[in-house]
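Data first, discussion second: the structure below is written as structure tokens.
The values are calculated or read from the model by the stated rules, or taken from the named source; none is laboratory data. Just so it is clear, the model here is predicted, and its values are computed rather than measured. Here Cβ is always computed from backbone atoms with ideal geometry, including for glycine, and neighbour counts include all displayed protein chains.
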Amino acid sequence: MPTLELALRLAGNSKHQHSTGEDISPLRIALQTLDGMVAGGIYDQVGGGFFRYSVDAQWQIPHFEKMAADNGLLLALLCQANIASGSGRYRRVIDQTAAWVMDRMQDSNGGYFTSLAADAHVNGQPASDLVEGGYYLWSSEEIDTALTTEQAQIIKLYFGMDGNPNCHGRWHPNAVRPVEEIATETGLSVKRVVIALSGGLQTLAAERQKRTAPLQDRKILTAWNGLLIRGMADASRETGNQTYLRSAEKALEWLREQHWQDGSLQASSYQGVVTEDGFLDDYVMLMDGILALLQCRWSDDDFALLLQLANRVMELFTTAEEDGLRFTCAQREQLLVRLRPFSDDALPAGNAIAARVFGWLARLTGDRRFGELRDQIFAGSWQQVNEMPLAHAGLLAALQDDLDPPPLVVLCGQPGQFAPWNTVIRDHLGVRGYCLWV
């Protein structure tokens, strides 16, 4: 996902063409990848939210676990793609995923849970064996029973439910046919097809809720909550839905009350009991989430917490011997090696997020220490970045912000005065810009 974000950030570059004339611009590659994810089995077509990863080359069948971190990253990425594409084509998926997060992944106290398990009973029947994806699969007969004849016909055409079922003798929905093609085949109007499809999916979602849901990992991880706070804040800013903003604010308030103790951040909690001191990712991913929230509305308390976290990062994770930030703080037990994470894996590297966050803090506050720390991260990582650039997409994105600073806009006034400016500011800032409503 860091690589896709970098590609979207490069969307302003001139078009690239292969020798065959094919458009191979970073924007086209990123959007085509996201389109495949949104239409395929990685995305939960019925209930919203993304599964862990695909297990086949066609992206039809996923590993059915759903993770808070993945969905936080993808929400933020889809919001950027919605801007970069200029088409608004990801709005439906943003709304569905944000709604799923609030419904299934948020504790009543505010924190976001960690994951939903992959295994479940087939059709939600406790007497059946646990099967990976069992909660999400459908038989043709179940669809016929739940829906009207027209809805069932449209659903089956849209998801290509003909031939042999694609998963454990049942169907895992993949969007394979456009509604225009279905309208032509059935003789119905496009509007009627869309209405039947939407109504059918709502009915299937309600039917699925009656099943026994997969088990949930109810730990609250600080780093992953930071990713979801950013994703939900970005979703609120992109769609204008204040419910998403309130969800993110509620999560931050929980972390402030439960995980921020005596000037130190805790890594996780379970049923209100915190477990251990935070790692680099916990600090910088939460800082990134707070920066996203501040783009939705100003809060003196949130900004004060952001600065406290920044100062603790400099105290706990820096060292005079090496440039860059260590993953573990100096106060933890003695380790043979203290790693400095520069390369991305399933999540962006902690140093990559830190470089971007501290770069913004340097601009917002004028505090030279923040800019110096960002430069130290670049210095410590440069050899690795130069040798394997695509493994360090997060750092390259932060470096882009340093070499070509994105626009920064500050609007002052009452919250009700900002609404007319939303579209203008969004179009002006593009994917990389930053706006504060003070």
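For the range 175-191, the set of residues classified as free of Cβ contacts under 8 Å to residues at least 24 places away in the same chain, assigned to a helix (DSSP H, G or I) and loosely packed, with under 15 Cβ neighbours inside 10 Å consists of 180, 181, 184, 190, 191, listed by residue number.
For (1) among the hydroxyl-bearing types (Ser, Thr, Tyr); (2) in contact with a Pro (Cβ under 9 Å, 6 or more places away or on another chain); (3) more than 23 Å from residue 347 (Cβ to Cβ); (4) surrounded by 22 or more Cβ atoms within 10 Å (Cβ to Cβ), each residue gets a yes or a no:
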position: 253; (1), (2), (3), (4): no, no, yes, no
position: 260; (1), (2), (3), (4): no, no, no, no
position: 267; (1), (2), (3), (4): no, no, no, no
position: 284; (1), (2), (3), (4): no, no, no, yes
position: 320; (1), (2), (3), (4): no, no, yes, no
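Screening 362, 355 for residues that are touching a Gly at 6+ places or on another chain (Cβ under 6 Å) and at pLDDT 95 or above leaves exactly one candidate, 362. Cβ-Cβ contacts under 7 Å between residues 6 or more apart (or on different chains), taken from a first residue in the range 286-299 that is in contact (Cβ under 8 Å) with a residue 60 or more places away in the chain to a second residue that is among the small types (Gly, Ala, Ser) and in a loop (DSSP other than H, G, I, E, B), are absent. Given the criteria among the β-branched types (Val, Ile, Thr) and modelled with pLDDT under 95, does residue 275 qualify? Here the answer is yes, as residue 275 does meet what is asked. Scanning the range 206-231 for residues that are out of contact with any strand residue (DSSP E or B) (no Cβ under 6 Å at 6 or more places or on another chain), within 23 Å of residue 271 (Cβ to Cβ), among the hydrophobic types (A, V, I, L, M, F, W, C) and not in a loop (DSSP other than H, G, I, E, B) yields 223, 224, 227, 229.
Total residues in the range 39-73 satisfying the condition of being of a type outside the set (Gly, Ala, Ser) and assigned to a loop (DSSP other than H, G, I, E, B): the figure is 14.
Scanning the range 393-412 for residues that are assigned to a helix (DSSP H, G or I) and aliphatic (A, V, I, L, M) gives 393, 395, 396, 397, 398, 399, 403. Scanning the range 413-432 for residues that are in contact with a helix residue (DSSP H, G or I) (Cβ under 8 Å, 6 or more places away or on another chain) and assigned to a loop (DSSP other than H, G, I, E, B) yields 430, 431, 432.
For the range 238-285, a residue qualifies if it is free of Cβ contacts under 8 Å to residues at least 12 places away in the same chain and either of a type in the set (Gly, Ala, Ser) or assigned to a helix (DSSP H, G or I) (or both), and the qualifying residues are 242, 246, 257. With exposed (fewer than 14 other Cβ atoms within 10 Å of the Cβ) and small (Gly, Ala, Ser) as the only criterion, which of 379, 391 stands out? None of the other options fit; the residue is 379. Within the range 139-174, the residues that satisfy the criterion of being of a type in the set (Gly, Ala, Ser) and either under 18 Å from residue 193 (Cβ atoms) or surrounded by fewer than 14 Cβ atoms within 10 Å (Cβ to Cβ) (or both) are 152, 160, 163, 169.
Only a single criterion out of (1) surrounded by 24 or more Cβ atoms within 10 Å (Cβ to Cβ); (2) at positive phi; (3) not aromatic (Phe, Trp, Tyr) is not satisfied by residue 240, namely (1).
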